[in-house]
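The values are calculated or read from the model by the stated rules, or taken from the named source; none is laboratory data. As the structure is a prediction and not an experimental result, all values here were calculated from the model. Don't worry about glycine lacking a Cβ; one is built from the backbone with ideal geometry, like all the others, and counts go over all protein chains shown.
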Amino acid sequence: MANWQDPQTTGVGAASVSVPRAARDVGLRSYMLSVYNYMASGVLLTGIVALLFAGSGYAAQVMATPLRWLIVLSPLAIVFAMSFGAQRMRTGTLQLLFWAFAGLMGLSMSTLFLVYTGTSIAQTFFATSAAYLGLSLYGYTTKRDLSGFGTFLIMGVVGILVAMLINMFLQSSAMALAISAIGVLLFAGLTAYDTQRIKSMYAYVQGTDMAGKTVIMGALTLYLDFINMFQFLLSFMGDRR
């Protein structure tokens, strides 16, 4: 996403020198647990806000006004701000932005409860959670280097975005179905890839000021993988009202 992901830009490449293996393993587990806790808490906040906003009746009203563009575009603006400003921002600032992002995403995703049945949303959420856990576990434990897939997966996401823009004009149901299926596969791959990449960052940031920032940015990345996989899967298998 931005330079925060590149170990060469942190200036702490030798942070793990002379650190005992056992201590490094304990530190790595604590680091990854923090990433997952932030990510899971963000998803939970998004779900609660979405459910409450949709249930209140305000979602249908607000999303019918120009204010919807502010709600939809604000999370994107926060992602760009965090990605390109992570190294300059304080850890506390990144934390506030992460929670603000998760809350705004809840407002934006409240429309899902207006389009799909609650049962299909719940089923898709649990299906996504199960798949996500398995894929992330694979990315964490595999000895295979997944870095070679990164460029391919990111190019695939760009292609999906272009296809979605084109289909806004074509309104092809077949194309929408294909986009959803490919989107699920792409973000499934990104889940494993990003997990391994975030894990590898620990060797460069342990014991430095960047550690806390990397935890938050890693949680943001995994959050985006989960949410996108969920939305593509919902559009693929969800029952509309």
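In table form, for the structure just shown:
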item: Meets criteria (part of a helix (DSSP H, G or I) and modelled with pLDDT of 90 or more) for residue 26; result: no
item: Segments classed as helices (runs of 4 or more DSSP H), wholly inside the stretch 57-147, with at least 2 members that are at pLDDT 95 or above and not small (Gly, Ala, Ser); result: 67-85, 91-109, 118-141
item: Close pairs (8 angstrom Cβ cut-off, 6 or more residues apart or separate chains): free of Cβ contacts under 8 Å to residues at least 24 places away in the same chain in the stretch 224-241, in a helix (DSSP H, G or I) and basic (Lys, Arg) anywhere; result: none
item: Residue check, residue 42 of a type outside the set (A, V, I, L, M, F, W, C) and at pLDDT 65 or above; result: yes
item: Single residue of the stretch 215-241 satisfying the filter (at pLDDT 95 or above and among the hydroxyl-bearing types (Ser, Thr, Tyr)) that is farthest from the chain's Cα centre (by Cα); result: 221
item: The stretch 67-85 - residue that is more than 17 Å from the chain's Cα centre (by Cα) and either over 18 Å from residue 114 (Cβ atoms) or among the hydrophobic types (A, V, I, L, M, F, W, C) (or both) and, of those, surrounded by the fewest Cβ atoms within 10 Å (Cβ to Cβ); result: 69
item: Residue 116 closer than 13 Å to residue 227 by Cα and buried (at least 16 other Cβ atoms within 10 Å of the Cβ); result: no
item: Single residue of 157, 184, 162 found to be surrounded by fewer than 18 Cβ atoms within 10 Å (Cβ to Cβ), in a helix (DSSP H, G or I) and within 14 Å of the chain's Cα centre (by Cα); result: 157
item: Qualifying residue in the stretch 72-90 (condition: in contact (Cβ under 8 Å) with a residue 60 or more places away in the chain and of a type in the set (Gly, Ala, Ser)); result: yes
item: Check on residue 189, in a helix (DSSP H, G or I), touching a residue at least 40 places away in the same chain (Cβ under 8 Å) and within 20 Å of the chain's Cα centre (by Cα); result: yes
item: Hits in the stretch 122-133 (condition: over 14 Å from the mean Cα position of the chain (by Cα) and either surrounded by 21 or more Cβ atoms within 10 Å (Cβ to Cβ) or more than 23 Å from residue 232 (Cα to Cα) (or both)); result: 124
item: Residues of the stretch 129-144 satisfying the condition of being β-branched (Val, Ile, Thr) and without any contact (Cβ under 8 Å) to a residue 12 or more places away in the chain; result: 141
